[in-house]
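Student: Input: one structure, supplied below.
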Amino acid sequence: MAFRSTTGIIFLACLIVLASAAVPKNTKRKPANPPPRAVADPEKDAEITNSCPEDGFFADAEQCDKYYECRNGEIIEKLCPDGMVFNDYSPEEEKCDLPFNIDCSQRPKLQTPIPSLHCPRLNGYFSHEDPKECGKFYYCVDGKFNMITCPDGLVYNDKTGICTWPDEAKKKGCGAADVFDFDCPPVNETFGLTHPRYADPADCQFFYVCINGNTPRRSGCKLGQAFDDVSKKCEWARKVPECADWYKGQLTDAELDALENPPTVKPNSKRKSHRPKAKDVEIEE
């Protein structure tokens with residue numbers, strides 16, 4: 001029994017020695033230094049930039065009117081005509097487009113403009129210089145302009161490049177109150193949701209639709225008609241008492257009659273049949 005106890009004590013002492021040897025003497029270790037950050041290699045970056053993912057056409061990351069053509073590993077830098085931007089919908093297509101059709105918010109830079117008369121850039125649609133000319137704008141091609149006038153009641157929309165309602169364009173000085181000589185009468189909210197209509201006080205052929213009861217939009221009836229402010233719809237002018245003579249001097253009575261009673265085309269009831277007659281059909285036995 002004494003031998004076994006002595007042996008156990010010796011074995012336990014050995015374990016303590018081994019354990020103490022495995023623990024480092026300095027327990028307050030300093031954190032290891034992080035590996036040094038990689039230093040940018042200009043040649044390597046240039047190699048990555050100048051490599052083509054595949055053949056095709058690719059937009060620049062920062063400039064909306066700049067793009068690249070890749071052919072057999074070679075990159076060719078290109079620019080759209082001034083006023084146009086690159087349409088990157090497909091790498092197989094080389095297409096420059098109007099800015100209204102492309103989202104350039106992520107690559108807003110553009111080339112230096114080349115202005116000419118009425119054209120801030122060589123190509124595109126641009127507002128009239130006079131802010132009071134809400135319905136006029138310019139269409140420029142290679143620095144040459146054409147002035148376009150919107151239909152009555154619409155204004156040029158800088159954001160879309162087309163003519164829209166004043167309340168949609170939200171153009172300073174060109175709101176509904178500036179364009180129309182008409183104010184929507186005050187109504188309650190329920191009636192306003194019906195978009196009530198009102199006759200144009202200056203023109204029998206036209207009327208105003210008040211969107212939600214407060215935003216006027218001008219609309220019109222077809223030729224020969226007038227807006228009936230009682231029935232709130234278009235009617236033949238001669239049937240609207242206050243507008244019965246509206247077209248005098250513009251249309252004759254015969255022309256008004258033709259508009260009111262257009263000739264009807266009678267359907268041809270005698271249709272020719274292309275089916276063969278019984279005697280023309282040969283029956284093989």
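Each value in this text was obtained by applying a stated rule to the coordinates, not by laboratory testing. Values in this document were obtained by computation on a predicted structure and should not be read as measured data. Please note: Cβ atoms are built from the backbone with ideal geometry, for glycine as well, and neighbour counts cover all protein chains shown.
Student: Can you give me the orientation-averaged projected area of the convex hull built on the Cα atoms of segment 113-171, in nm²?
Tutor: Details: hull surface 15.0 nm².
With the hull built on Cα positions only, its mean projection is 3.8 nm².
Student: In nm, to one decimal, how far is the modelled label at Y89 from the one at E242, with both set 7 Å along Cα→Cβ?
Tutor: 4.9 nm
Student: Next up: Residue separation times 0.36 nm, minus the C-alpha to C-alpha distance between K232 and D178: what's the value? Provide the component values of the computation, followed by the final result.
Tutor: On the way: separation 54, 0.36 × 54 = 19.44 nm, distance 2.50 nm.
My answer for the length gained is 16.9 nm.
Student: Could you state the orientation-averaged shadow area of the convex hull built on the Cα atoms of segment 49-112, in nm² to one decimal?
Tutor: On the way: hull surface 16.6 nm².
In nm², the orientation-averaged hull projection of segment 49-112 is 4.1.
Student: With +1 assigned to the C-beta of every Lys and Arg and -1 to the C-beta of every Asp and Glu, and no other charges, what is the dipole magnitude of segment 49-112 about the Cα centre in debye, to the nearest 20? Write out the running numbers ahead of the final one.
Tutor: Values: 6 positive and 15 negative charges, 43 e Å.
Charge dipole of segment 49-112: 200 debye, to the nearest 20.
Student: Grab the Cα-Cα distance for A258 and V141, subtract it from 0.36 nm times how many residues apart they are, and report the gain in nm with one decimal.
Tutor: Values: separation 117, 0.36 × 117 = 42.12 nm, distance 4.39 nm.
Working it through step by step, the gained length comes to 37.7 nm.
Student: Still on this structure, I have one more. Please express the Cα-Cα pair-distance distribution P(r) of segment 180-260 as a list of whole percents, one per 5 Å bin, running from 0 to the bin with the greatest distance.
Tutor: 3, 17, 24, 20, 15, 10, 6, 4, 1, 0
Student: Compactness ratio of segment 127-243: Cα Rg over 2.2 N^0.38 Å, N = residue count? Each step should come with its number before you reach the end.
Tutor: Numbers: Rg = 16.5 Å, N = 117, 2.2 N^0.38 = 13.4 Å.
So the Cα radius of gyration is 1.23 times the expected 2.2 N^0.38 Å.
Student: Report the full-extension gain for the segment H195 to K266: residue separation times 0.36 nm, less the Cα-Cα distance, to one decimal in nm. Walk me through the numbers on the way to the answer.
Tutor: Numbers: separation 71, 0.36 × 71 = 25.56 nm, distance 3.94 nm.
Here the answer is 21.6 nm.
Student: Another question about this same structure. Arrange the peptides 153-161, 140-148, 56-64 so that the one whose residues have, on average, the most other Cβ atoms within 10 Å appears first. Display every interim value, and only then the final one.
Tutor: Values: 153-161: 18.6, 140-148: 14.0, 56-64: 16.4.
Going by the mean number of other Cβ atoms within 10 Å, highest first, we get 153-161, 56-64, 140-148.
Student: Amide H neighbours of G213 under 5 Å, counting only residues 5+ apart in sequence or on other chains, H built in-plane at 1.01 Å?
Tutor: H195
Student: Obtain the nm distance between the two label points defined at D158 and L98 by a simple spin-label model: each point lies 7 Å from its Cα along the Cα-to-C-beta direction.
Tutor: 1.7 nm
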